[in-house]
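Below is one structure; the comments refer to it alone.
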Amino acid sequence: MGYIIKGEKHDWELVVGLEVHAQVISKAKLFSGASTDFGAGPNAQVSFIDAGMPGMLPVLNEQCVEQAVKSGLGLKAKINKRSVFARKNYFYADLPQGYQISQYDQPIVGEGILVLDMPDGSTREIGIERLHLEQDAGKSIHDLHPQKTYIDLNRSGVGLMEIVSKPDIRTPEEAGLYLKKLRSILRYLGTCDGNMEEGSMRCDANVSVRPVGSTELRTRCEIKNVNSVRFVMQAIEHEARRHVEVYESGGTIDQETRLYDSNKGETRTMRSKEFAHDYRYFPDPDLLPVEFDDAFVQRIKAELPELPDDKKARFTSAFGLTAYDAGVLVDEKASADYFEEVAKGRDAKLAANWVISNLFGVLNKQGVNIGDSPVSAKNLGRLIDLIADDTISGRMAKEVFEIMVDTGKAPDAIVEERGMKQITDTGAIDAAIEKVMAENADKVAQYRAGKTQVMGWFVGQVMKATQGKANPAVCSELLKKKLEA
Ligand code: MN
């Protein structure tokens, strides 16, 4: 079932397109040699170009062009071998040039595809409209002085990729999945670090609604600069409900830019939406069109890493994992690499289970990344070996794992130190069984009279007698043999 907002007059569906501004990973800015390092003092990384000094000429950074092409290839998109930089004219205090150098009708990357991994294991394709390169603006700081606004131009001129989706998104959840997948792809490619909290990936959502069954596109509102996946999903939901209320009460929606207030859980007007013609776009006369050949694209293509979709397909076919498990593992490259190291030469499904259920559980609880995991892939692999060769039972393995988390020690050492080796020696288990049977003749009689449910009780007693170290399978088998003798 789709996502439907019930009204009195209609059932409504959601139509969403997302625009993501992703900061390009590059040492220098898009048109100047100034550094892009995060955290420098205010205005420490500003060239004359970034400060909009008259007479300065921008010089295109080839690294940013490569990153855009690489991102385009990761989105299975059309790469335009000729693209044009244009001036988008507007005034703002943190935009000293008086215009942003962007791309307009001839972007560097055209239509592509992004595949969503739905929670039920299915997939859904969302169209990519375009990806273009543009400059970031500086930062206005309003809270350092009661009457003044400070300007920090360190960010001015940093390269951004604006990635625009088609209006194919139909639920807030799909918007969340889209952002996570896009972030995952860009991180695999090394073209953007995807950190929404630090602002290196920012999302604007274009939201409208329409009666279910209709194919029209109604007036949309743009919700600007939402800084987390969760807030994007919430903002879309609130905005869609507002549209439904307006339409149902006979009103109309004006095209405008809105802000999401996550404390109040509502969007509010920021400014009436500009239309493209308001910006007076024209090709930047300081810059030649960007042109490259097939060889340039092929070289970048040859360097592409295995991307999440391909990795997921390989994990399901080569390891027999479910689509869901494979999707979880490939989300971050570091997790996928960790899993592959654990699974190498071992039961891959068991390995996936330990990584997803046990390890990820601990990482989530401790709030740490897989790179800082208290348990190394090598040690988790060894733990699985100890289960496979019957040194410890699955139940004991959980205990050993907890100790590994706390101490960082290798599983073999823990099992040795604490005497946790499982008893598979039938002689020792036999002795324990005989003792339990001798002391509980009544239960033995019950079993032999046909009340076979007492088996569970017997297993429990024998486990207790061996401090939980008897191999449960061996134990049940021997018990059965003796009780039925
Ligand atoms: Mn933009």
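The lone criterion from (1) touching a residue at least 24 places away in the same chain (Cβ under 8 Å); (2) within 26 Å of residue 358 (Cα to Cα) left unmet by residue 413 is number (1). Scanning the stretch 263-291 for residues that are of a type in the set (D, E, K, R) and in a loop (DSSP other than H, G, I, E, B) yields 264, 273, 274, 280, 284, 286. Can you confirm whether the stretch 3-22 contains a residue that is within 27 Å of the chain's Cα centre (by Cα), outside any strand (DSSP E or B), at pLDDT below 95 and closer than 30 Å to residue 111 by Cα? Among the residues of the stretch 3-22, at least one is within 27 Å of the chain's Cα centre (by Cα), outside any strand (DSSP E or B), at pLDDT below 95 and closer than 30 Å to residue 111 by Cα, which makes the answer yes. For the criterion of being among the acidic types (Asp, Glu), in contact (Cβ under 8 Å) with a residue 40 or more places away in the chain and within 14 Å of residue 23 (Cα to Cα), residue 198 passes. Scanning the stretch 95-114 for residues that are away from the ligand (no atom under 15 Å from the Cβ), among the hydrophobic types (A, V, I, L, M, F, W, C) and open to solvent by less than 20 Å² (accessible area, probe 1.4 Å) yields one hit, 114. Those helices (runs of 4 or more DSSP H) of the stretch 361-441 in which at least 3 residues are closer than 30 Å to residue 481 by Cα, considering only elements entirely within it, cover 377-388, 394-407, 426-439.
Does residue 69 satisfy the criteria of being touching a residue at least 24 places away in the same chain (Cβ under 8 Å), open to solvent by less than 20 Å² (accessible area, probe 1.4 Å) and within 16 Å of the ligand (Cβ to nearest atom)?
Judged against the criteria, residue 69 is not a match.
The set of residues in the stretch 149-160 that are in contact with an Asp or Glu (Cβ under 8 Å, 6 or more places away or on another chain) and either within 16 Å of the ligand (Cβ to nearest atom) or not in a strand (DSSP E or B) (or both) comprises 153, 155, 156, 157, 158, 159, 160.
Number of residues in the stretch 81-94 that are open to solvent by 10 Å² or more (accessible area, probe 1.4 Å) and either modelled with pLDDT of 95 or more or away from the ligand (no atom under 14 Å from the Cβ) (or both): the value is 9.
The values are calculated or read from the model by the stated rules, or taken from the named source; none is laboratory data. A quick note: this is a predicted structure, and the numbers were derived from the prediction, not measured. Cβ atoms come from the backbone with ideal geometry, glycine included; neighbour counts cover every protein chain shown. Side chains included, ligands, DNA and RNA excluded: accessible areas come from the protein's heavy atoms. Shrake-Rupley method; radii C 1.70, N 1.55, O 1.52, S 1.80 Å.
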